[in-house]
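One structure is given here, and the rest of the page talks about it.
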């Protein structure tokens, strides 16, 4: 009997948890659907909520290779898709020159030698001189792969257009070689921090997953999985404190990654419970703007009190 | 089943969520995989395919709750048939027969037929729901049923309603509920659920001075949306200008692989200057409301503008740039209005203040926008001050919130000042404001 979708989604949640990635049902159903429908997922959310980590974990879970493409302004197809190995091609023409004598030996006239040259196999533009970059690698992989296109909002609009063919058809057209189709469709994750609006064309080809800041319960679970040596008491206080912080009006709200860093810091400092002084001293792990730190300094007593209750 | 999905998509579109046909197909594939059984799962998975921004997701959640609440009620009704009542022989009206027979599918069918007659597709606003429910009930013949009920009531001697009457009354209440459910669902499908598009339209074409304070928050988000649209347009235009001079260094480096034969040329991108904008706003009583929207708009454009300085004046002038940058926009506007507003307008004094504050900042990249009605309370105009602003900057725009027919009447000296402006616009509504700023971005860089 085949398992129902709900069961499979639960399996994914559990499987991810084994790799220390605690996810909500939403996230695991997105992964399930992406895998079933063979569609890319566009993951959005504030920085530090585990967008990139999701792809890493998916690669571990599905036991596939992870290919990562970090996007930046000016990224083009020679770095993302493929490039010719110019050096090797040059060497090849050198070798060709030497061999040419033999091939053309005894040819009479220009036409005859040209005919012979045509018979000669042309491998100048062939796969042996093709240097595959992450996108092409993901398509040609024999085992299937997980492709992570990180921070796609940082790339130019032109690059986005390049992605369209790959994401909807899972193929690329190389002018010299023709269309290359994926043997096994890769599982694709795109992440975005929303520094720029992604084009509708790209959005419509993807499943759209928004990962928000976790609620207290989920965050406690995550801390437990990532920093297992933390005491229960401290972990509860810590999460309550961070949840309180997120309700303030700050420039950059602390995300899960900051909470994890903070938990590790407190462990290093051998803290058993959260006190006002301790919180004040270690605020800079959580907050990345001086302005925010100043705002929060005043609120620390209240937040620590609230975290206790 | 597909019908349910397309109806749902229609509801979403009504709520201003953009759903393309391809996305609908995706959603159909999703439903094939998971089915309609698990509500939570259905909601989760549909939310991956249909809404594609955070705002759309929030709207999607509420639409989903509304839509899939009505649906199952109906489906249950379809299969629920009880034994026909023995009493149906004792009544006259058709509706009463139907109700007593208790055939849910038939009743549902006659509701939809009546609704068709009542032209339910025309429903637009939620206030119309009661009207349409009543109309449908009338068409179904509730009138004669009610008559019969009152007749039955009169027949009773011992003051207690008979079994028949009781049963009919219960059925009628159920019918009313069912009809109102039906109308609610149809309203979701055909009406503009949140009235959002309508409201936006009204706000855009309404005189900014007339917009009620209680709507400020909504207008603010509308302004931000408009500004975002403009800045997207503008930043795309910028890209087209991107070819510049030949970049020798890059070209040589990139062509190393071609044995230094310059094969691929590389261009250094020409940097497009972002415009520098100085805004001078009259915040006296008559124009204060306009200044609010103007400043909102300008400060939502920070992405495509390199530098903004804002000044407000009524009888004297002061700079408010820092307040706008550091604090919340709404608060900043309030404080600016209360600090500088309220005095009687003195353009001459304010222009001289302006020049002493930022004469050095005026250069050939600067656009100066003046918002005011040019009503100087019959004081001296000192137009030469504006002239020196005009000569030093790239362009001076004057936005006058008053209608053109009122310019130069009474104490308005628009003519005197317009001589030293690149362009003068009438700018009373958000739509007009949007148009002006579009022009400005096009010409300012």
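Laboratory data are not the source of any read-out in this text; all were calculated from the coordinates shown. Everything numeric here is computed off the predicted structure, so don't read it as measured data. Cβ atoms come from the backbone with ideal geometry, glycine included; neighbour counts cover every protein chain shown.
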Along each of its three principal axes, how wide is the spread of alpha-carbon positions in chain A, in whole angstrom units, largest first? 97, 54, 37
At 0.36 nm per residue, minus the direct Cα-Cα distance, what do residue B:129 and residue B:215 gain on full extension? Give it in nm, one decimal, please. 28.5 nm
To the nearest 10 degrees, the tilt of helix A:157-169 (Cα long axis) against the first principal axis of the alpha carbons of chain A is 80
Just tell me how shielded A:198-204 is by partners: mean number of partner chain Cβ atoms within 10 Å of each residue's Cβ, no decimals. 3
Kindly express, to the nearest 10 degrees and within the range 0 to 90, the angle between helix A:5-18's C-alpha long axis and the longest C-alpha principal axis of chain A. 80
With a ≥ b ≥ c from the Cα gyration tensor eigenvalues, square-rooted, and the rule rounded for a/c under 1.5, otherwise prolate when a/b > b/c and oblate otherwise, segment B:102-154 is oblate
Protection proxy ranking of A:136-142, B:22-28, A:38-44 - average other beta-carbon atoms within 10 Å, highest first: A:38-44, A:136-142, B:22-28
Longest principal axis of chain A (C-alpha) makes with the long axis of helix A:290-308 (C-alpha) an angle, in degrees to the nearest 10, of 50
Let a ≥ b ≥ c be the square roots of the eigenvalues of the Cα gyration tensor of segment B:375-445; is it rounded (a/c under 1.5), or, if not, prolate (a/b larger than b/c) or oblate? oblate
Distance histogram in 10 Å bins (all Cα pairs of the protein assembly as shown, percent per bin): 2, 10, 14, 16, 18, 16, 12, 7, 3, 1, 0, 0, 0
Cα centroid distance between segment B:39-70 and segment B:335-414, in Å? 50
Just from its helices, what would the mean residue ellipticity at 222 nm be for the protein assembly as shown, if runs of 4 or more DSSP H residues each count -39500 (n - 2.57) and the sum is divided by every residue, rounded to the nearest 500 deg cm²/dmol? -17500 deg cm²/dmol
Write down the percent of antiparallel bridges among all DSSP beta bridges whose residues are both part of the protein assembly as shown, to the nearest 5. 25
Average projected area of the Cα convex hull of segment A:190-261, in nm²? 6.2
Report Rg(Cα)/(2.2 N^0.38 Å) for segment A:216-296, keeping two decimals. 1.00
Whole angstrom only: what separates the Cα centroid of segment A:124-173 from the Cα centroid of segment B:1-28? 31
Residue B:348 versus residue A:174, label points 7 Å from Cα toward the beta carbon: distance in nm? 7.8
May I ask for the distance between the Cα centers of segment B:106-176 and segment A:242-309, given as a whole number of Å? 62
Just to compare against my own numbers: the Cα pair-distance distribution for segment B:293-445, 10 Å bins, whole % per bin, please. 10, 40, 42, 8, 0
To make sure I understand, if each residue's beta carbon is the centre and we count other beta carbons within 10 Å, what order do B:393, B:268 fall in, fewest to most? B:268, B:393
Remind me, what semi-axes does segment A:1-146 give for its equivalent ellipsoid, largest first in whole Å, using sqrt of 5 times each Cα gyration tensor eigenvalue? 51, 18, 11
What ratio of Cα Rg to 2.2 N^0.38 Å holds for segment A:83-128? 1.31
State, to one decimal in nm, how far the label point of residue B:411 lies from the label point of residue B:121, with both points 7 Å from Cα in the Cβ direction. 5.9
